[in-house]
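**Student:** One structure is given below, represented as structure tokens, and several questions about it will come after.
The values are calculated or read from the model by the stated rules, or taken from the named source; none is laboratory data. Nothing here was measured: the structure is a model prediction, and the numbers come from that model. Note that we place each Cβ from the backbone using ideal geometry, even for glycine, and neighbour counts take in every protein chain shown.
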Amino acid sequence: MYFVCFFLKDNCREDGRGCEDYRHMEIETNVVSNTSGSARVRLANTDILVGVKAELGAPAPEKPDKGRLEFFVDCSANATPEFEGRGGEELATEISGMLNRAYDCPACLDLQKLCVIPNQQCWVLYIDILLLECGGNLFDAASIAVKAALYNTKIPTVTVSRDEGIMELEISDDPYDVQKIEVKLAPCIVTLSKIGHSHVVDASQKEESCCLARLMMGVTQNGTITALKKEGSGSLDPTSVEDMIEVGTGKRVGEALNKSLTTALEEEERQGTKSKTLGFLR
Amino acid sequence: MAGLELLSDQGFRIDGRRVHELRKIQCRLGVFSQADGSAYIEQGNTKVLAAIRGSKQKTLHDKVLVNCQYSMATFSTGERKRRPRGDRKSQEMTMHLRQTFDAAILTNLYPRSQIDIFVEVLQSDGGNYCASVNAATLALIDAGIPLKDYVCACSASFVNDSPIVDINYLEESSGKPEIIVATLPKSEQIVFLEMNSRLHEDNLSKVVDTAVKGCKDVYQILDTAVRDHVSQVATVHGWEN
Amino acid sequence: MSVDIRIAGARESTKQLDSEEISSLVTPGDVITTDTGFMRGHGTYMEDDQLKASVAGVVERVNKLICVKPLKTRYNGEVGDVVIGRILEVGQRRWKVDTHSKLDSVLMLSSVNLPGGELILLELLLLLDNVTQAEVQSVFADGSLSLHTRSLKYGKLGQGVVVHLSPSLIKRRKTHFHSLPCGASIILGNNGYIWICPTGNEMEDKTGGYEQNLEPVQRADREVISRLRNCVLALAEHKMMLYDTSVLYTYEASLKFPNI
């Protein structure tokens, strides 16, 4: 552990990265066909699969003219044997809680578009996250996968007709008659781990095991912070917290992450049907 | 069922296959690096991942304990599932998988340890058990765990007086009889057999034979894939004959 | 600062190698021979007078012994192998060591070289999560290993990096300890664990190595170590065998790219 600490003083980590460098990431969308949108993210050893299903349901009572998002995280036993049965529930609740908080901000997604009939029907997006392999930094990878899956989500258009006072809904069967969700301002979670006296972005499993405390923040493309959470048994100095958020790391890294993700997603969409979806067959 | 005929007069099924044709199978060994062994299989539209871990818990003295877990992703079915595992169907599947692999693994070579088999269904379009068994077999081979033989599974049904092989979700939910068989292909021994719905006993042997033949075909495909994988890796390793 | 996100489809497939026909390839259930004169080794089983394979791999025939070598397996210890392990548990008179094998290995107090010959509390010598280098003394009936550190070469390892790989990537050779000209040393444990450390430290430790050298390591050395670590992982990813020469060549090739 000492080795790792000494490393960081000179901005050089175990695998040669700087303190603010992410590991190599790969994304792929449209992996599962039963869903309205899906994505798979591989961040070194971490493998996460997200599926989004859009269903009609009743809106939340306090927001009658907006759609809803429901997050569900499933830690598969493939990742670690400790997740067998109900072992992974604590971690799952943490991740879904953090994502809920990050997406709670009204500026992120235009949920009004998801409203069909105010007070009665709206689109509910069930976002299901499946953790397939744990290689450190689960929160960041999960948020990236969620954003990619939402980008890929296609919601069928609904026509509302009024027939003698009774509302009738008609969901279009045409696979091309769909609307997409605007995810430009959706947040990504950036986790900063404190190891020794410095903090690093994207901790690997080894680094996570020797970190004292973590600060997770949801950051959007233009630098707005939507959620903040401190985790871990160590304590953080208030100045270092400020440092992490304001001066630099958090915001900068968050913006860069969002930008790279959007570029990659747009690139993939441009390739369109030419690229084969390989999924796990690669 | 109004509209859709399971078997047309020309001998074509709903998805265009003939009665004896299997769905397209694609597979890959060694998908994950952290598990001892892993595999991914696609049988038509059904996609299953399997991972194997060996753990060192002192349980049985003279042989290994085989532990399975079957879980389905909540987005795998057409209608969203509430819980990935823990419901009765999953527990039944888990038990079946465990029985199947208990018979196939050479258990006395691993005393005092446990082999965990974790199966995750990513997309479900019928034949979940069969795809799970095939994926788990590939994963066990990838992990280097000694097996008596491959375990291949296949399903069959009986429609309009002819047995059809490898049924998909629509054919499963139509109420026709369904037979699922898992065999050790070389010795032609059956390790698991299950039947649903009603079937006249005169037709039973025909349908079981069809399913067993289906297993043999699956075995050919899996064997080719394993051989390809082994020969590629061995070449890179530089192992000579 | 860099964030590198790529589309999965953009990665080229590495499967373009034409694999040679390997004739001794077997898969579980294949009959190897019906001749009863052979003894059976790992990876085979007898059924009805036929010798069958139980794993997928290559058949190896040494005189009368037939065994099948699988591609990937947990470490099967043999007497005399050098292994690197991490301490899992401190017990009464022994340590439990994790060596990536089927069962945990055991390091008895009687098999440990004590500095000055005194009996010290076990806890002071090796703590949980320390990494040691040891040799396999014997193999128990159920397959678990007994280790010893009776020579000056073995003992606790100080500052360095452990890399986890599959044991099948490491061939058995005479020396496992290599001092590379780039300023770092590498120890290739037979169980698939590799230890990379700066050369300076190892030269001083001739006492059997139970003191820990906590001096900060130079930055240049650290870069060398990180680079070596990435080279080793890259070789493992492409399933190539690890020798000191292969690691060295990869390292030299990687020097062309300044960013690791």
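**Student:** Which residues, counting only those in the range A:71-82, are in contact with a strand residue (DSSP E or B) (Cβ under 8 Å, 6 or more places away or on another chain) and either farther than 19 Å from B:Arg82 by Cβ or more than 14 Å from chain B (Cβ to nearest Cβ) (or both)?
**Tutor:** Correct list: A:Asn78, A:Ala79, A:Pro81.
**Student:** Restricting attention to the range B:94-115, which residues are assigned to a strand (DSSP E or B) and more than 16 Å from B:Leu147 (Cβ to Cβ)? Steps first, answer last, please.
**Tutor:** Taking the range B:94-115 first, the residues assigned to a strand (DSSP E or B) are B:105, B:114-115.
Hit for the range B:94-115 is B:Gln114, nothing else.
**Student:** In the range C:160-173, what residues are closer than 11 Å to C:Leu188 by Cα, over 9 Å from the mean Cα position of the chain (by Cα) and not hydrophobic (A, V, I, L, M, F, W, C)?
**Tutor:** If the condition is that a residue be closer than 11 Å to C:Leu188 by Cα, over 9 Å from the mean Cα position of the chain (by Cα) and not hydrophobic (A, V, I, L, M, F, W, C), then C:Lys171, C:Arg172, C:Arg173 are the ones that fit.
**Student:** Here is a further query. Among the residues of the range A:24-41, count how many are surrounded by fewer than 21 Cβ atoms within 10 Å (Cβ to Cβ) and either charged (D, E, K, R) or facing another protein chain (nearest Cβ under 7 Å) (or both).
**Tutor:** Step one: of the range A:24-41, the residues surrounded by fewer than 21 Cβ atoms within 10 Å (Cβ to Cβ) are A:24, A:26, A:30, A:33-34.
Still in the running and either charged (D, E, K, R) or facing another protein chain (nearest Cβ under 7 Å) (or both): A:24, A:26, A:33-34.
Going through the range A:24-41 one residue at a time, the tally reaches 4.
**Student:** For the range B:152-178, enumerate the residues that are in a loop (DSSP other than H, G, I, E, B) and among the hydroxyl-bearing types (Ser, Thr, Tyr). Walk me through how you get there before you give the answer.
**Tutor:** As a first pass, look at the range B:152-178 and keep what is in a loop (DSSP other than H, G, I, E, B): B:160-161, B:166-168, B:173-177.
Matches in the range B:152-178: B:Ser173, B:Ser174.
**Student:** When residues of the range A:42-59 are filtered for being of a type in the set (A, V, I, L, M, F, W, C), within 9 Å of another protein chain (Cβ to nearest Cβ) and over 17 Å from the mean Cα position of the chain (by Cα), how many remain? Can you show your working first?
**Tutor:** The initial filter retains those residues of the range A:42-59 that are of a type in the set (A, V, I, L, M, F, W, C), namely A:43-44, A:48-50, A:52, A:54, A:56, A:58.
Among the residues that remain, those that are also within 9 Å of another protein chain (Cβ to nearest Cβ) are: A:49-50, A:52.
When the remaining residues are screened for being over 17 Å from the mean Cα position of the chain (by Cα), the result is none.
The total comes to 0.
**Student:** Could you grab me the full set of residues in the range C:82-94 that are among the β-branched types (Val, Ile, Thr) and not in a strand (DSSP E or B)?
**Tutor:** Restricting attention to the range C:82-94, the residues satisfying the condition of being among the β-branched types (Val, Ile, Thr) are C:82-84, C:87, C:90.
Of everything in the range C:82-94, nothing turns out to be among the β-branched types (Val, Ile, Thr) and not in a strand (DSSP E or B).
**Student:** Also, I was wondering about something else. Say whether the condition of being within 11 Å of chain A (Cβ to nearest Cβ), aliphatic (A, V, I, L, M) and farther than 30 Å from C:Val31 by Cα is met by at least one residue in the range B:143-166.
**Tutor:** Taking the range B:143-166 first, the residues within 11 Å of chain A (Cβ to nearest Cβ) are none.
No, the range B:143-166 contains no residue that is within 11 Å of chain A (Cβ to nearest Cβ), aliphatic (A, V, I, L, M) and farther than 30 Å from C:Val31 by Cα.
**Student:** Would you list the strands (runs of 3 or more DSSP E) that sit entirely within the range A:46-150 and hold 3 or more residues that are of a type outside the set (Gly, Ala, Ser) and under 26 Å from A:Ser260 (Cβ atoms)? Break it down into steps so the answer makes sense when it comes.
**Tutor:** Values: elements: A:46-57, A:68-75, A:115-117, A:121-133.
Here the list reads A:46-57, A:68-75, A:121-133.
**Student:** Now, a different point. Filtering the range B:176-198 down to residues that are of a type in the set (S, T, N, Q) and surrounded by fewer than 20 Cβ atoms within 10 Å (Cβ to Cβ), which residue is nearest to B:Glu5 (Cα to Cα)? Lay out the reasoning, then the answer.
**Tutor:** The first filter runs over the range B:176-198 and keeps only residues of a type in the set (S, T, N, Q), leaving B:183, B:187, B:189, B:196-197.
Those left that are additionally surrounded by fewer than 20 Cβ atoms within 10 Å (Cβ to Cβ): B:187, B:189, B:196-197.
Working: B:Ser187: 37, B:Gln189: 34, B:Asn196: 20, B:Ser197: 19 Å.
By that ranking, first place goes to B:Ser197.
**Student:** For the structure I just gave you, tell me whether A:Gln112 is loosely packed, with under 15 Cβ neighbours inside 10 Å, in contact with a Gly (Cβ under 9 Å, 6 or more places away or on another chain) and not basic (Lys, Arg).
**Tutor:** Working: loosely packed, with under 15 Cβ neighbours inside 10 Å: yes; in contact with a Gly (Cβ under 9 Å, 6 or more places away or on another chain): yes; not basic (Lys, Arg): yes.
Considered against the rule, which asks whether it is loosely packed, with under 15 Cβ neighbours inside 10 Å, in contact with a Gly (Cβ under 9 Å, 6 or more places away or on another chain) and not basic (Lys, Arg), A:Gln112 comes out as yes.
**Student:** Among the candidates C:Ile260, C:Ile196, single out the residue that is at pLDDT 75 or above and either of a type outside the set (S, T, N, Q) or buried (at least 20 other Cβ atoms within 10 Å of the Cβ) (or both). Steps first, answer last, please.
**Tutor:** Numbers: C:Ile260 fails: at pLDDT 75 or above.
Selected residue: C:Ile196, the only one of C:Ile260, C:Ile196 that is at pLDDT 75 or above and either of a type outside the set (S, T, N, Q) or buried (at least 20 other Cβ atoms within 10 Å of the Cβ) (or both).
**Student:** Any idea which of (1) at pLDDT below 90; (2) not in a helix (DSSP H, G or I) is the one B:Leu193 doesn't satisfy?
**Tutor:** Answer for B:Leu193: the failing condition is (1).
**Student:** Select, from B:Asp202, B:Asp149, B:Asp228, B:Asp209, the only residue that is part of a loop (DSSP other than H, G, I, E, B) and free of Cβ contacts under 8 Å to residues at least 60 places away in the same chain. Steps first, answer last, please.
**Tutor:** Numbers: B:Asp202 fails: part of a loop (DSSP other than H, G, I, E, B); B:Asp228 fails: part of a loop (DSSP other than H, G, I, E, B); B:Asp209 fails: part of a loop (DSSP other than H, G, I, E, B).
Testing whether each residue is part of a loop (DSSP other than H, G, I, E, B) and free of Cβ contacts under 8 Å to residues at least 60 places away in the same chain leaves just B:Asp149.
**Student:** Output the qualifying pairs, or none if there are none: Cβ atoms under 6 angstrom, residues six or more apart or on different chains, first residue in the range A:127-145 and away from chain B (no Cβ under 14 Å), second residue among the small types (Gly, Ala, Ser).
**Tutor:** Short answer, once both residue conditions are applied: A:Asn137/A:Ala203.
**Student:** Looking only at the range B:191-241, how many residues end up being over 23 Å from B:Val133 (Cα atoms) and of a type in the set (Ser, Thr, Tyr)?
**Tutor:** Within the range B:191-241, residues that are over 23 Å from B:Val133 (Cα atoms) and of a type in the set (Ser, Thr, Tyr) number 2.
**Student:** Please pick out the residue among C:Val62, C:Val31 that is farther than 28 Å from C:Gly192 by Cα and either more than 8 Å from chain B (Cβ to nearest Cβ) or touching a Pro at 6+ places or on another chain (Cβ under 8 Å) (or both).
**Tutor:** Numbers: C:Val62 fails: farther than 28 Å from C:Gly192 by Cα.
Just one listed residue meets the conditions, C:Val31.
**Student:** Sticking with this one: Take A:Asp104 and tell me if it is at the interface with another protein chain (Cβ under 10 Å from one of its Cβ atoms) and either over 22 Å from A:Ala227 (Cβ atoms) or touching a Ser or Thr at 6+ places or on another chain (Cβ under 9 Å) (or both).
**Tutor:** For A:Asp104, the condition - at the interface with another protein chain (Cβ under 10 Å from one of its Cβ atoms) and either over 22 Å from A:Ala227 (Cβ atoms) or touching a Ser or Thr at 6+ places or on another chain (Cβ under 9 Å) (or both) - is not met.
**Student:** Mind listing whichever residues of the range B:62-74 are at pLDDT below 85 and either out of contact with any strand residue (DSSP E or B) (no Cβ under 9 Å at 6 or more places or on another chain) or not in a strand (DSSP E or B) (or both)?
**Tutor:** Applying the first criterion (at pLDDT below 85) to the range B:62-74 yields B:62-65.
If the condition is that a residue be at pLDDT below 85 and either out of contact with any strand residue (DSSP E or B) (no Cβ under 9 Å at 6 or more places or on another chain) or not in a strand (DSSP E or B) (or both), then B:Asp62, B:Lys63, B:Val64 are the ones that fit.
**Student:** Please give the number of the condition B:Asp166 fails out of (1) touching a Lys or Arg at 6+ places or on another chain (Cβ under 8 Å); (2) surrounded by fewer than 24 Cβ atoms within 10 Å (Cβ to Cβ); (3) not aliphatic (A, V, I, L, M).
**Tutor:** (2)
**Student:** Are there any strands (runs of 3 or more DSSP E) wholly within the range C:1-81 with 1 or more residues that are among the charged types (D, E, K, R), at pLDDT 75 or above and within 26 Å of the chain's Cα centre (by Cα), and if so which? Quick ask: steps written out before the conclusion?
**Tutor:** Values: elements: C:5-7, C:31-33, C:44-47, C:50-53, C:57-62, C:65-70.
In the range C:1-81, C:57-62, C:65-70 are the strands (runs of 3 or more DSSP E) which contain 1 or more residues that are among the charged types (D, E, K, R), at pLDDT 75 or above and within 26 Å of the chain's Cα centre (by Cα).
**Student:** For the range A:60-70, indicate whether the set of residues that are more than 8 Å from every other protein chain (Cβ to nearest Cβ), surrounded by fewer than 23 Cβ atoms within 10 Å (Cβ to Cβ), touching a residue at least 24 places away in the same chain (Cβ under 8 Å) and among the small types (Gly, Ala, Ser) is non-empty. Outline the logic, then answer.
**Tutor:** At the first step, the residues of the range A:60-70 found to be more than 8 Å from every other protein chain (Cβ to nearest Cβ) are A:60-70.
Now drop any that are not surrounded by fewer than 23 Cβ atoms within 10 Å (Cβ to Cβ), which leaves A:60-66, A:68-70.
Of the ones still in play, those that are also touching a residue at least 24 places away in the same chain (Cβ under 8 Å) are A:63-66, A:68-70.
Going one step further and asking which of them are among the small types (Gly, Ala, Ser), we end up with none.
No, the range A:60-70 contains no residue that is more than 8 Å from every other protein chain (Cβ to nearest Cβ), surrounded by fewer than 23 Cβ atoms within 10 Å (Cβ to Cβ), touching a residue at least 24 places away in the same chain (Cβ under 8 Å) and among the small types (Gly, Ala, Ser).
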